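Participant: For reference, the structure I am asking about is given below.
The values are calculated or read from the model by the stated rules, or taken from the named source; none is laboratory data. Everything numeric here is computed off the predicted structure, so don't read it as measured data. FYI the Cβ positions are ideal-geometry reconstructions off the backbone, even for glycines, and counts take in every protein chain you see. Ligands, DNA and RNA are excluded from the accessible area calculation, which covers all protein heavy atoms including side chains. Shrake-Rupley method; radii C 1.70, N 1.55, O 1.52, S 1.80 Å.
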2 protein chains.
Amino acid sequence: GRKVLIVYAHQEPKSLNGSLKRVAVEELSKQGCSVTVSDLYAMQFEPRATRNDIVGCLHNSEEFDYGVETWQAYKRGGLSSDLLEEQKKVQEADLLIFQFPLYWFSMPAIMKGWMDRVLAQGFAHEYPNCYDSGLLQNKLALFSFTTGGSKEMYAKEGISGDIRYLLWPLQHGIMHFCGVKVLAPHICFAPEYVSEEKRKEMLIAWAQRLKTLWKEEPINCSPEWYFK
Amino acid sequence: GRKVLIVYAHQEPKSLNGSLKRVAVEELSKQGCSVTVSDLYAMQFEPRATRNDIVGCLHNSEEFDYGVETWQAYKRGGLSSDLLEEQKKVQEADLLIFQFPLYWFSMPAIMKGWMDRVLAQGFAHEYPNCYDSGLLQNKLALFSFTTGGSKEMYAKEGISGDIRYLLWPLQHGIMHFCGVKVLAPHICFAPEYVSEEKRKEMLIAWAQRLKTLWKEEPINCSPEWYFK
């Protein structure tokens with residue numbers, strides 16, 4: 001059975017994001033997948049990158065460099081236990097699903113903190129092992145999110161620009177950098193402004209997509225996909 | 001005298017980011033500006049968007065919607081005191097400088113949390129007052145940051161793509177949405193891989209730019225600036 005990690009960032013279980021997460025757990029479990037959820041708000045996940053992420057002595061106690069310190073700590077098994085747990089989940093997963101409401105053209109800070117802290121040098125990348133040779137090869141990622149703005153606002157000529165523009169930092173800058181292949185994003189536009197009926201259709205569409213997810217080909221993660 | 005708010009996110013005062021921040025405080029103060037710094041790590045600024053941001057009863061205690069709750073709380077003066085303080089600093093400022101190391105093609109989570117929480121609906125935007133009619137008009141913003149990757153990696157044909165691609169969510173998605181005009185970014189590429197001499201030149205270049213900053217015209221914040 002395949003292994004899936006859902007990294008989930010919403011405060012309210014009754015929200016559409018909460019329902020999308022439950023639908024994914026149910027459908028993927030039904031398929032025989034083993035599904036793990038990191039419910040970031042429920043875990044009170046720490047988003048701040050600080051000295052607390054390193055157990056024991058620092059490599060350079062005179063001048064703190066977070067990237068260098070976590071790299072060194074990773075190599076000697078000295079990262080904090082919350083990071084080791086998340087890294088273990090990532091290591092075991094075939095697919096990472098990120099489920100969140102879009103905040104300011106990006107992930108909520110609590111999820112950005114997961115990226116900042118979990119995807120440490122040594123674990124997810126280590127020069128020159130980045131992009132196609134990143135350390136998390138043979139994994140897939142999928143960004144599933146809700147927006148405040150409408151599909152029209154996020155059209156190429158819309159006021160917020162093509163929704164793909166804002167996926168560049170997430171899909172290319174983070175996932176591709178770590179060697180992860182990216183499936184097409186799953187976007188529910190403006191669920192707050194549609195009927196309950198339409199929101200139910202959104203859940204059904206997600207469940208439907210998940211049924212054939214393993215047959216999907218990753219997107220071509222090049223600038224053309226995003227900007228042309 | 002003009003008022004400047006520097007939102008600063010680095011753990012180490014001795015870092016180049018710390019020096020860039022100090023240079024800005026010194027140079028702008030010398031010009032007669034009143035400069036305030038929000039030193040996010042030192043403040044242990046909370047990046048997570050939670051129910052704790054609302055003082056007293058919720059608008060809808062059955063189903064928590066962060067955007068709606070903070071909007072309602074803003075209107076009745078019921079946001080948490082740390083948010084009110086930051087909003088006061090923003091309100092008074094003519095210029096916002098964001099000083100940070102680039103983490104994963106974006107701001108560190110602690111600064112993303114500042115955006116998520118401080119720029120609440122009602123305060124920074126309120127439909128239809130967004131983009132050119134956003135509520136923080138007549139203010140300027142400037143993103144000043146350091147990168148891990150080199151200038152060549154962040155060239156249009158480089159592996160990380162044009163550095164402007166990743167500025168879209170920050171400058172357009174956040175600042176322009178709130179009605180803030182954006183000055184050209186200030187970017188120090190890969191300071192970790194250059195000589196001490198070169199890093200000193202970076203500080204001097206920043207001080208130099210600040211001397212004539214108030215004469216600069218904002219960028220044309222349209223998709224063409226970012227993607228063409």
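Participant: How crowded by other chains is B:40-51, given as the mean number of beta carbons from other chains within 10 Å of each beta carbon? Intermediate results must be reported in sequence, preceding the final value.
Facilitator: Values: counts 1, 5, 0, 0, 2, 1, 3, 8, 13, 8, 4, 3.
Counting other chains' Cβ atoms within 10 Å and averaging over B:40-51 gives 4.
Participant: Right, something else. Between chains A and B, what is the buried accessible area in Å², counting both sides, with a 1.4 Å probe and ligands, DNA and RNA left out, to the nearest 100? Intermediate values should be presented prior to the final figure.
Facilitator: Numbers: alone 11750 and 11750 Å², together 19470 Å².
Between A and B, the summed buried area is about 4000 Å².
Participant: Find every distance from the label point of A:Gly67 to the corresponding label point in the other copies (7 Å from Cα along Cα→Cβ) and write them in nm, one decimal, shortest first.
Facilitator: A:Gly67 label point versus its equivalents elsewhere: 3.3 nm.
Participant: Against the longest alpha carbon principal axis of chain B, how many degrees, from 0 to 90 and to the nearest 10, is the axis of helix B:16-30 turned?
Facilitator: Orientation of helix B:16-30: about 80 degrees from the principal axis.
Participant: Copy-to-copy spacing for B:Ser81, label 7 Å out on the Cα-to-C-beta vector, in nm, shortest first?
Facilitator: 3.3
Participant: Also, I was wondering about something else. Work out the mean other chain Cβ neighbour count within 10 Å for the residues of A:180-193 and drop it here as an integer.
Facilitator: Values: counts 0, 0, 0, 0, 0, 0, 0, 0, 0, 0, 0, 0, 3, 0.
Mean shielding count: 0.
Participant: How big is Rg to Rh over the protein assembly as shown, alpha-carbon atoms, Rh as the Kirkwood inverse-mean-distance radius?
Facilitator: Reported Rg/Rh, Kirkwood definition of Rh: 0.94.
Participant: How large is the Rg to Rh ratio of chain B when both quantities use alpha carbon positions and Rh follows Kirkwood?
Facilitator: Dividing the radius of gyration by the Kirkwood radius yields 0.98.
Participant: Relative to the first principal axis of the alpha-carbon coordinates of chain B, what is the inclination of helix B:81-92, with its axis defined by its Cα atoms, in degrees from 0 to 90 and to the nearest 10?
Facilitator: Computed tilt is about 60 degrees.
Participant: If you don't mind, there's one more thing I want to ask. What is the sum of charges, Lys and Arg at +1 and Asp and Glu at -1, for the other residues whose Cβ falls under 12 Å from the Cβ of B:Ser144?
Facilitator: Values: positive: B:Lys21, B:Arg209; negative: none.
Charge balance in the 12 Å sphere: +2.
Participant: Pairs of alpha-carbon atoms within less than 8 angstrom and 6+ residues apart define the contacts here; what relative contact order does chain B have, in percent?
Facilitator: Once divided by the residue count of chain B, the mean separation gives 22 percent.
Participant: Here's something else I'd like to know. Run the label-point distances for A:Val55 please: 7 Å along Cα to Cβ, every other copy, nanometres, shortest first.
Facilitator: Listed shortest first, these distances are 4.0 nm.
Participant: Roughly how many whole Å is it from the C-alpha centroid of region A:146-179 to that of region B:146-222?
Facilitator: 21
Participant: Shifting gears a bit: How large a share of the accessible area of region A:53-148, in percent, is made up of carbon and sulfur atoms when the probe is 1.4 Å and the other protein chains stay in place?
Facilitator: That share works out to 49 percent.
Participant: Among DSSP beta bridges lying fully in region A:3-227, give the percent that are antiparallel, nearest 5.
Facilitator: Looking only at bridges with both residues in region A:3-227, the antiparallel portion is about 10 percent.
Participant: Okay, helix-only estimate at 222 nm for chain B: each DSSP H run of n ≥ 4 adds -39500 (n - 2.57), divide by all residues, round to 500 deg cm²/dmol; what do you get?
Facilitator: Helix contribution divided over all residues of chain B: -9000 deg cm²/dmol.
Participant: Moving to a separate point now. Counting only GluC sites (Glu not before Pro) that sit in a DSSP loop (anything but H, G, I, E, B) with at most 11 other Cβ atoms within 10 Å, what is the longest stretch of chain B containing none of them? Don't skip to the answer; put the middle values down first.
Facilitator: On the way: sites that count: B:Glu62, B:Glu157.
The longest uninterrupted stretch comes out as B:63-156.
Participant: Take the residue pairs A:Lys88/A:Lys211; A:Lys156/A:Lys181; A:Lys75/B:Lys228; A:Lys112/B:Lys215 and return only those whose Cα atoms are more than 30 Å apart. Could the numbers behind the result be given before it?
Facilitator: Values: A:Lys88/A:Lys211 26 Å; A:Lys156/A:Lys181 25 Å; A:Lys75/B:Lys228 42 Å; A:Lys112/B:Lys215 35 Å.
From the list (A:Lys88/A:Lys211; A:Lys156/A:Lys181; A:Lys75/B:Lys228; A:Lys112/B:Lys215), the Cα-Cα distance tops 30 Å for A:Lys75/B:Lys228; A:Lys112/B:Lys215.
Participant: Next question. Return one number: the angle in degrees, 0 to 90 and rounded to the nearest 10, between the long axis of the Cα atoms of helix B:66-75 and the longest principal axis of the Cα atoms of chain B.
Facilitator: So the inclination is approximately 80 degrees.
Participant: Give the average, rounded to an integer, of partner chain Cβ atoms located within 10 angstrom of each Cβ in A:107-119.
Facilitator: 6
Participant: Another question about this same structure. Can you list the residues of region B:63-83 whose accessible area drops by at least 20 Å² going from the chain on its own to the full set of protein chains, with a 1.4 Å probe?
Facilitator: Correct list: B:Glu63, B:Phe64, B:Asp65, B:Tyr66.
Participant: Apply the Karplus curve 6.51 cos²θ - 1.76 cosθ + 1.60, θ = phi - 60°, to the phi angles in region B:211-228 and return the couplings in whole Hz, x for Gly and Pro.
Facilitator: Residue by residue, region B:211-228 yields 4, 10, 4, 6, 8, 6, 8, x, 6, 7, 7, 10, x, 4, 4, 8, 10, 8 Hz.
Participant: Moving on to the next point. When a/c reaches 1.5 or more, the comparison of a/b and b/c decides; with that in mind, is region A:5-47 rounded, prolate or oblate per its Cα gyration tensor?
Facilitator: It comes out oblate by the Cα gyration axes.
Participant: Can you work out the accessible area per residue across the protein assembly as shown, with the rest of the protein chains kept in place, probe 1.4 Å, in square angstrom?
Facilitator: Counting only protein heavy atoms, the per-residue value for the protein assembly as shown is 43 Å².
Participant: Still on this model: What is the sum of charges around A:Ala120, taking Lys and Arg as +1, Asp and Glu as -1, for the other residues whose C-beta is under 12 Å from the C-beta of A:Ala120?
Facilitator: Spelling it out: positives minus negatives among the neighbours equals -3.
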